[in-house]
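Read the figures in this text as sums done on the coordinates, not as results from a lab. Values in this document were obtained by computation on a predicted structure and should not be read as measured data. No Cβ is skipped: glycine too gets one built from the backbone with ideal geometry, and neighbour counts run over all protein chains shown.
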Amino acid sequence: MKNKFSLQKQHQKEALMGYAFIAPQMLGFLFFIMIPLISIFVYSIHTKNLLFGTNIWCGMDNYKALFYDSVFLKTIKNTIFFSLGVVPINLICSLFLAFYLCNNYKENKYLKTIVFLPVVTSGVAWAIVFKYILQGGTDGPLNYFLSLIGIQGPNWLHDTHTAMISVIITRVIKNLGTNVLIFSGAILNLPNSLIEAATLDGAKGIKLFTKIKLPLLMPSILMVMMVTVIGSMRVFDTIKLMTDGGPEGSTMVIVYYIYHQAFKMFNTGYASSISVILFSSVLVLTIIQWSLRKRLSYYEN
Amino acid sequence: MKINNKLHLTKRTLIIVILTILFVYPFWWMLVNSLNNANEIFGKPSILPRSWVFYNYVEIFKIQPFGRHYANTLLVAFVGTLGNIIFSSMSGYSFAKLKFPGRNLLFIVLLTALMMPIEVIIIPLYSQMMELNLSDSLIPLMLIPIFCAQGAFSSFMFRQHFITIPNELEEAAKLDGLSAFGIFKTIMLPISTPIIAAAGILAFLSIWNMYLEPLVFINSLNNFTLPLSLANFNDSYGLPQWQYQLAATSLSIIPIMGVYLIFQEKITDAMVGSGMK
C-alpha cells in the first residue's frame with residue numbers, strides 16, 4: 001500500500017518535471033504562434049490602421065474588397081505563375097542532376113559541393129549578385145556573353161516580359177542544391193533487388209528509368225514538390241531586392257503585397273485578410289504534404 | 001568505342017563547365033568586382049580584378065556602420081541559436097522521455113508551428129512587440145528563431161533523437177539518485193552533440209540569412225543586420241554603390257562559405273533532413 005502511494009507520487013513528480021521542461025517552449029509558442037494566428041483572423045475583420053490607430057469592426061468587408069482589388073488579383077496570378085515556373089524547372093533539373101551525381105565520376109564530389117553553395121548563401125546576397133549579372137544593355141555579364149554569340153539580351157529585370165522569368169531562374173539556381181541531395185539520397189535507397197530483377201527481364205536505359213525508377217521515386221518527388229510549392233508561395237527577398245515588385249507590378253507576389261499593405265500603407269486589417277488567404281493556402285498544401293508523408297513511410301516500411 | 005569514350009568525356013566536361021558557371025561564377029564575379037572601381041564593373045567581365053582596389057573594403061565601414069551591423073548579426077545569431085538549442089532540447093527531451101498527461105497532444109500542437117510561415121504572423125507579431133516597446137531592437141530577431149518554426153523544428157529533431165535512447169540509461173541514473181534535470185544535463189545533453197550541432201547549424205544559418213523580420217522590426221541604422229545593411233549601400237539618388245555593395249556582400253558570405261566548406265557533410269545532412277520534415 002505504501003509502495004503504491006510512493007509510486008504515484010513519483011509519477012506526479014515526473015509529470016511536473018515534464019511540464020517544467022516544456023514550459024518555456026510552449027509559452028513561446030503561445031506568444032509567438034498562437035496569439036498572432038488568432039490575431040490575424042481578428043484583424044482581418046477590422047478596418048485597422050497602425051499609423052492612425054483606427055480599429056473599427058467591418059465584418060467581411062476586407063475580404064469582399066479583395067475580390068475587387070485588381071492588384072491583389074494580379075498578385076495571386078503572379079504567385080501562381082512564379083510557383084508554376086519554379087516547381088517544374090526545379091524538379092526536372094534536380095532529378096537530372098541527382099541521377100547524374102549517382103555515377104561514380106571523380107568530379108562528382110566537387111559538383112555536389114558547388115550545387116549546395118547558393119543554398120547556404122543568404123537570399124539577399126544572391127539576389128544582389130544576380131541583379132548585377134542581369135543588367136540590361138551589354139552592361140551585365142549575361143548580356144555581354146550573349147552579345148558574343150550575336151544575341152541582344154533584353155533588359156531582364158526592367159522588361160515586363162522577362163522580369164518574372166529572371167526571378168524564377170535566380171530562385172531555382174539558389175535552391176536547387178537541397179532537392180538534388182534529397183533525390184540523391186532517395187536514389188541510393190532504391191531497392192537494388194527490384195532494379196536487378198528488372199534488368200534481368202531486359203529493362204534498360206529509358207525504359208528502366210520511366211517504368212521502374214521513376215515510379216519508385218514518386219513518393220519522394222511528390223513530397224519534394226509540395227515543399228517547393230510552399231517555399232515558392234512564400235517568396236519575398238528575391239523579389240524585393242531584384243525588382244521591388246516591378247516593372248508595372250509584373251513581379252508583385254502575395255508576401256510582397258502583404259508587406260506593402262501592412263508596412264508601407266499601414267492598412268493592417270486589409271493586409272491581415274491577405275495573410276489569412278496565404279495561411280489557408282499553406283494549410284491546405286501542408287495537409288496534402290503530411291498525408292503524402294504518411295503514404296511515403298508506408299512505402300518505406 | 002574510342003569515339004564513344006571521347007563523346008562521354010566531352011559530356012562530362014560540358015556538365016562540369018555548365019555547373020561551374022551556374023554555381024561558382026556568380027560568387028567569383030562578385031569577388032572580382034568587389035576589388036574593381038565602379039566604372040570597371042560593367043561591360044566586358046574580367047577573370048581577375050582590373051585595379052585591385054582593396055580600399056573598397058575599408059570604405060564600406062565608413063559609409064555606414066557596417067562593423068556594427070556585422071556585430072549585430074553575430075549577436076543575434078549567437079543568442080538566437082543558443083536559446084533555440086536550450087529550449088528545444090529541453091522540450092524535445094520531455095516529449096520523448098517524461099510521462100505526463102496531454103504529452104502527445106501538446107507535441108502535435110507544437111508541431112503546427114512548423115507549418116506557420118513567418119510571413120503570415122508578422123503583422124500581429126509587430127504590434128505585440130510594439131506594445132512591449134521592443135519593436136526597434138534586436139530582441140524580436142533573437143526570439144523569433146527560438147520560438148517560431150525554427151524552434152519547433154529543433155524540438156522535433158531532439159525528440160526524434162531522444163526517443164532512440166534506451167530507457168535503461170535513465171533507470172540506472174535514477175538509481176544513482178540523479179534528478180530529471182540532472183539526468184538531462186549530465187547524461188542526455190553530452191550524448192546529443194551531433195543533434196546539437198545539426199540543429200545549431202540550421203538555426204544559425206536561418207538567422208544569418210533572415211531578411212523580412214529585420215526589415216519589418218528594425219528602423220534605426222544602428223540596429224541593422226547584414227541583409228538590411230547590404231541592401232542599403234545606395235548613393236543619395238537611391239542607386240546602388242556597386243563596388244561597395246559587392247565588397248560588403250562578399251564579407252557577409254565569406255565566413256559562411258568557409259564554415260560550409262569545412263563542415264560540408266554535416267551541413268548538407270542537416271539541411272537535407274530538414275527539407276524532408
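List of remarks:
- For A:Ser280 and A:Ala20, the difference between the fully extended length at 0.36 nm per residue and the C-alpha to C-alpha distance is 90.3 nm.
- The mean count of C-beta atoms from other chains within 10 Å of the C-beta of residues in B:255-263, rounded to a whole number, is 2.
- Summarising the overall dimensions of the stretch A:246-297 from its C-alpha atoms, the Rg and Dmax are 15.2, 46 angstrom.
- Shape class for chain B, computed from the alpha carbon gyration tensor (a ≥ b ≥ c): oblate, with a/c not under 1.5 and a/b at or below b/c.
- For chain B, relative contact order (Cα pairs under 8 Å, six or more residues apart, normalised by length) works out to 29 percent.
- Per residue, the Cα convex hull of the protein assembly as shown amounts to 198 Å³.
- Surface/4 of the Cα convex hull for the stretch B:90-205, nm²: 8.8
- Debye intensity ratio I(q)/I(0), log10, the stretch A:103-152, q values 0.19 Å⁻¹ (C-alpha model): -0.76
- Dividing the convex hull volume of the alpha carbon atoms of the stretch B:221-277 by its residue count gives 120 Å³ per residue.
- Peptide B:144-157 shows a mean partner chain C-beta count of 3 within 10 Å per residue C-beta.
- Pairs of lysine residues in chain B that meet both criteria, 8 or more places apart or on different chains and Cα atoms under 19 Å apart, total 7.
- Potential extension, B:Leu134-B:Ile86 segment - 0.36 nm per residue separation minus Cα distance: 15.0 nm
- Net length gained if the chain between A:Ala65 and A:Lys106 were fully extended (0.36 nm per residue, minus Cα distance): 8.9 nm
- Residues whose placed amide H lies under 5 Å from that of A:Thr54, excluding near-sequence neighbours: A:Asn49
- Mean residue ellipticity (222 nm) of the protein assembly as shown, computed from DSSP H runs ≥ 4 via -39,500 (n - 2.57), nearest 500: -23000 deg cm²/dmol
- Projected label points at B:Thr20 and B:Val58, each 7 Å from Cα along the beta carbon direction, are separated by 3.5 nanometres.
- Cut-off 20 Å (backbone N to label point 7 Å along Cα→Cβ of B:Ser220), residues of the stretch B:141-156: B:141-143
- In order along the stretch A:239-253, the Karplus-derived 3J(HN,Hα) couplings, from 6.51 cos²θ - 1.76 cosθ + 1.60 at θ = phi - 60°, round to 5, 4, 8, 8, 10, 6, x, x, x, 6, x, 6, 10, 5, 10 Hz, and Gly and Pro are given as x.
- Gyration tensor verdict on chain A (Cα atoms; rounded if a/c is under 1.5, prolate if a/b is larger than b/c, oblate otherwise): oblate
- Taken over the stretch A:145-301, lysine pairs spaced eight or more positions apart, or on distinct chains, with alpha carbons under 30 Å apart number 9.
- A Cα-only calculation for the stretch A:1-138 places Rg and Dmax at 27.0, 89 Å.
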